[in-house]
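Heads up: the structure comes next, in structure tokens.
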Amino acid sequence: METVNTSDRLAQLRQLMKEHKVDIYVVPSEDSHSSEYIAACDGRREFISGFSGSAGCAVITHDKATLATDGRYFNQASRQLDKNWHLLKQGIQDVPTWQEWSADESAGGKVVGIDPTLISGSAAKKLQEKVQKAGGSDFVAVAENLVDKVWGSDRPARPSEPVVVLAEEHAGKDTKTKLSELRKELEKKKSAGFVASVLDEIAWLYNLRGSDIPYNPVFFSYSIITPDSATLYVDESKLSKECQSYLSENSIAIKPYDKIFEDAKSLSQSVETKGEGEEVTAVQKFFISNKTSWALKLALGGDKFVEEIRSPIGDAKAIKNDTELEGMRQCHIRDGAALTEYFAWLEDQLVNKKVTMDEVTAADKLEALRAKQDKFVGLSFDTISATGPNGAVIHYSPERGNCAVIDPNATYLCDSGAQYLDGTTDTTRTLHFGTPTEEQRHTFTLVLKGHIALGTAVFPKGTTGFALDCLARQFLWQEGLDYRHGTGHGVGSYLNVHEGPIGIGTRKQYSEVALSAGNVLSNEPGYYVDGSYGIRTENMVLVKEVKTKNSFGDKPYLGFENVTMVPYCRKLIDVSMLTESEKKWLNNHHADVLAKLKGFFEGDELTMAWLKRETEPF
């Protein structure tokens with residue numbers, strides 16, 4: 001959470017901007033594949049701004065620098081940005097988006113520039129329209145990344161980690177079947193093929209996993225799928241003989257990662273066209289995801305030759321098959337055992353043994369306990385181990401040697417997860433090892449009530465996560481309280497812990513895609529008091545069909561199956577605020593947790609005693 005002096009970096013960048021005749025330079029967070037989480041070599045926005053959060057965009061002019069981020073990171077950004085930077089709090093009334101700010105700054109004939117590999121084609125088009133409307137001269141693609149030039153030899157090398165085959169016993173569906181289903185979708189829409197650029201989609205389609213990006217089992221790659229071919233663009237040195245044989249058996253050609261742009265140009269030249277001059281267009285267009293980079297879209301010939309759509313691979317991946325769903329259930333039981341053992345150990349260390357322990361030391365212990373579990377591969381994100389006021393920093397990441405000592409008389413928020421061969425976990429619990437205040441118990445219970453309301457919701461097929469979001473916030477809203485993050489995100493199956501296209505929240509995209517049986521999401525309302533404490537309660541839920549007394553409109557009805565097996569902190573629950581049905585739900589959940597976890601702790605009196613105490617009926 002330290003502040004970095006960015007003065008010299010900005011001065012060098014501004015000199016390069018002058019040389020390239022650019023007045024405003026945009027530095028997004030994402031890499032060339034629209035990844036939310038990125039490899040160290042792609043951390044350009046963090047390098048130039050000093051802000052290390054996963055979401056945000058930096059915009060630099062010759063005399064200003066602004067960093068835009070959302071409510072999850074307001075606290076963190078205010079701590080990390082130095083005097084050179086202005087913070088744009090996205091989502092706050094009357095605060096412009098970074099796109100609006102950039103366009104406003106372009107007024108008077110100024111040029112806005114960006115690395116075209118770091119923005120999607122659709123986003124580039126919208127920004128170009130805003131710049132032109134505001135009176136800017138132009139929005140241009142700057143082929144050479146200017147931040148990389150400033151970074152120089154200190155920039156980390158691009159990772160090149162091994163790629164492995166995910167066994168069908170964990171994937172649940174073979175690659176040939178997935179390719180066949182994708183081709184049927186493309187045939188229905190009369191497409192010439194699909195160019196895939198999103199890393200977790202490629203990993204899922206081919207049942208392959210890697211580790212090029214920390215915590216995300218993906219590898220740098222592209223793919224082109226046509227009615228009669230499939231090509232994977234990847235550094236061949238990453239592929240073992242087993243991988244190469246597997247790909248060959250599935251009729252998947254291998255080409256070098258960087259050859260995608262050359263082949264993309266060839267594709268646009270090879271398709272049948274009609275019309276003349278400016279009116280030339282492809283008879284059958286290639287489909288690309290709406291996350292595909294502007295650079296790749298241009299290489300494919302632009303709007304005349306390609307159509308941007310929501311990825312059919314992403315849609316298919318979000319609906320888990322029976323094997324993946326069962327894997328989610330099983331890995332959450334093992335993960336729940338690790339968390340239960342950790343919380344019992346931590347309480348004993350802090351309260352009984354009076355051990356002084358910092359946030360990172362505690363997180364290391366949790367990772368070691370997870371590593372004992374069957375099918376464990378690694379963490380699914382950097383553990384948020386936050387004591388007291390650090391819990392109010394929504395995506396707090398403690399730094400070794402520069403973090404707080406855990407205060408047993410304050411709240412402790414632990415948001416953590418793991419990657420297992422059979423699934424991905426993400427669980428948050430807020431605990432108190434001493435005596436919580438009445439305010440803390442009250443707000444914790446408001447959050448818990450919203451968590452239960454969402455988790456027990458029943459809704460007709462066709463309902464979106466946008467429509468359900470208010471269920472989790474309703475009890476906070478009744479008291480004029482709220483939180484600045486989404487309520488739920490999709491989760492991959494031994495893939496990225498944040499997965500689209502579905503989610504629960506107020507983002508526009510969550511209103512566009514209905515929830516479906518087989519989706520896996522988080523349920524994680526919260527409440528935060530800056531400088532004091534933070535509360536978040538998070539479970540993973542599976543969307544499933546439910547039986548209802550009636551079936552209005554002949555529609556199926558859906559609900560959630562909770563799979564997270566971790567108790568809620570009894571000390572923080574004000575039972576007087578709960579209805580009988582809420583208490584019944586809690587008691588049933590705790591009985592389920594006890595039944596599924598007790599077998600892990602035979603001979604472990606400390607953990608067993610903690611588990612029995614925390615799951616005792618209300």
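The values are calculated or read from the model by the stated rules, or taken from the named source; none is laboratory data. Not measured: the values here are computed from a predicted model. Using ideal geometry, Cβ is built from the backbone for each residue, glycine included, and neighbour counts are taken over all protein chains shown.
For the reader, a short list of remarks on this structure follows.
- The listed residue being at positive phi, not in a helix (DSSP H, G or I) and not hydroxyl-bearing (Ser, Thr, Tyr), out of Gly480, Gly486, Gly500: Gly480
Listed here are the residues, each with its yes/no results for (1) without any contact (Cβ under 8 Å) to a residue 40 or more places away in the chain; (2) of a type in the set (Ser, Thr, Tyr).
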residue: Tyr527; (1), (2): no, yes
residue: Gly534; (1), (2): no, no
residue: Leu542; (1), (2): no, no
residue: Ser551; (1), (2): yes, yes
residue: Lys555; (1), (2): no, no
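- Close pairs from region 355-384: first on the phi < 0 side of the Ramachandran plot, partner among the basic types (Lys, Arg) and at pLDDT below 95, Cβ under 8 Å, at least 6 apart: Val360/Arg400
- Here region 113-144 is the region considered, the condition is being more than 20 Å from Glu19 (Cα to Cα) and among the hydroxyl-bearing types (Ser, Thr, Tyr), and the residue that is surrounded by the most Cβ atoms within 10 Å (Cβ to Cβ) is Ser120.
- When Leu448, Leu413, Leu468 are checked against the criterion of being in a helix (DSSP H, G or I), at pLDDT 95 or above, assigned by TED's automatic domain parsing to the domain that holds Tyr494 and touching a Gly at 6+ places or on another chain (Cβ under 9 Å), Leu468 stands alone in meeting it.
- Annotation note: Cβ proximity below 7 Å between a residue of region 407-429 that is without any contact (Cβ under 8 Å) to a residue 24 or more places away in the chain and a residue that is part of a strand (DSSP E or B) (sequence gap 6+ or interchain) occurs for Asp407/Thr387.
- Which listed residue, of Asn519, Asn496, is of a type in the set (S, T, N, Q), more than 23 Å from Gln76 (Cβ to Cβ), in contact (Cβ under 8 Å) with a residue 24 or more places away in the chain and touching a helix residue (DSSP H, G or I) at 6+ places or on another chain (Cβ under 7 Å): Asn519
- Considering region 313-335, and only residues there that are of a type in the set (Val, Ile, Thr) and surrounded by fewer than 22 Cβ atoms within 10 Å (Cβ to Cβ), the residue that is nearest to Ala230 (Cα to Cα) turns out to be Ile319.
- All positions within region 156-181 that are in contact (Cβ under 8 Å) with a residue 24 or more places away in the chain, under 22 Å from Arg310 (Cβ atoms) and surrounded by fewer than 19 Cβ atoms within 10 Å (Cβ to Cβ): Lys173, Leu179, Glu181
- Scanning region 432-474 for residues that are β-branched (Val, Ile, Thr), touching a strand residue (DSSP E or B) at 6+ places or on another chain (Cβ under 7 Å) and closer than 14 Å to Arg536 by Cα returns Thr443, Val447.
- Annotation: Lys110 fulfils all but one of (1) within 24 Å of Leu298 (Cα to Cα); (2) of a type in the set (Lys, Arg); (3) surrounded by fewer than 19 Cβ atoms within 10 Å (Cβ to Cβ); the unmet one is (3).
- Qualifying position, being closer than 30 Å to Phe261 by Cβ, touching a helix residue (DSSP H, G or I) at 6+ places or on another chain (Cβ under 7 Å) and touching a residue at least 60 places away in the same chain (Cβ under 8 Å), among Ile114, Ile60, Ile119: Ile119
- 2 or more residues assigned by TED's automatic domain parsing to the domain that holds Asp303, at pLDDT 95 or above and over 22 Å from Asp263 (Cα atoms): qualifying helices (runs of 4 or more DSSP H) within region 122-209: 168-171, 175-188
- Selection status of Ser385, under 19 Å from the mean Cα position of the chain (by Cα), closer than 27 Å to Asp530 by Cβ and not in a loop (DSSP other than H, G, I, E, B): yes
- Count - residues of region 1-11 that are surrounded by fewer than 17 Cβ atoms within 10 Å (Cβ to Cβ), in a helix (DSSP H, G or I) and in contact with a helix residue (DSSP H, G or I) (Cβ under 6 Å, 6 or more places away or on another chain): 0
- Among the residues of region 313-368, those that are of a type in the set (Asp, Glu) and in a helix (DSSP H, G or I) comprise Asp315, Asp322, Glu324, Glu326, Asp335, Glu341, Glu347, Asp348, Glu359, Asp364, Glu367.
- Filtering Arg9, Arg45 for residues that are farther than 21 Å from Gly500 by Cβ and of a type outside the set (A, V, I, L, M) leaves a single hit, Arg9.
- Close contacts from region 267-282, counting a first residue that is in contact (Cβ under 8 Å) with a residue 40 or more places away in the chain and a second that is part of a loop (DSSP other than H, G, I, E, B), with Cβ to Cβ under 6 Å and a gap of 6+ residues or different chains, come to Val271/Ala192; Ala282/Val271; Ala282/Phe305.
- Screening region 517-618 for strands (runs of 3 or more DSSP E) wholly inside it with 2 or more residues that are among the β-branched types (Val, Ile, Thr) and surrounded by 14 or more Cβ atoms within 10 Å (Cβ to Cβ) returns the ranges 539-546.
- With respect to (1) on the phi > 0 side of the Ramachandran plot; (2) touching a helix residue (DSSP H, G or I) at 6+ places or on another chain (Cβ under 7 Å), the lone exception for Arg44 is condition (1).
- Members of region 275-293 that are part of a strand (DSSP E or B) and β-branched (Val, Ile, Thr): Thr281, Ile288
- Of all residues in region 336-361 being more than 15 Å from Leu413 (Cβ to Cβ) and among the β-branched types (Val, Ile, Thr), the one that is surrounded by the fewest Cβ atoms within 10 Å (Cβ to Cβ): Thr356
- Note on region 420-445: residues that are in a helix (DSSP H, G or I) and of a type in the set (Asp, Glu) amount to 2.
- Scanning region 585-618 for residues that are touching a Phe, Trp or Tyr at 6+ places or on another chain (Cβ under 9 Å) and free of Cβ contacts under 8 Å to residues at least 40 places away in the same chain turns up Asn587, His589, His590, Met608.
- Residues in region 18-31 that are out of contact with any Cys (no Cβ under 8 Å at 6 or more places or on another chain), crowded, with 20+ Cβ neighbours inside 10 Å and not acidic (Asp, Glu): Val22, Ile24, Tyr25.
- Of the residues in region 219-240, none is touching a residue at least 60 places away in the same chain (Cβ under 8 Å), within 17 Å of Gly301 (Cα to Cα), of a type outside the set (Lys, Arg) and assigned to a loop (DSSP other than H, G, I, E, B).
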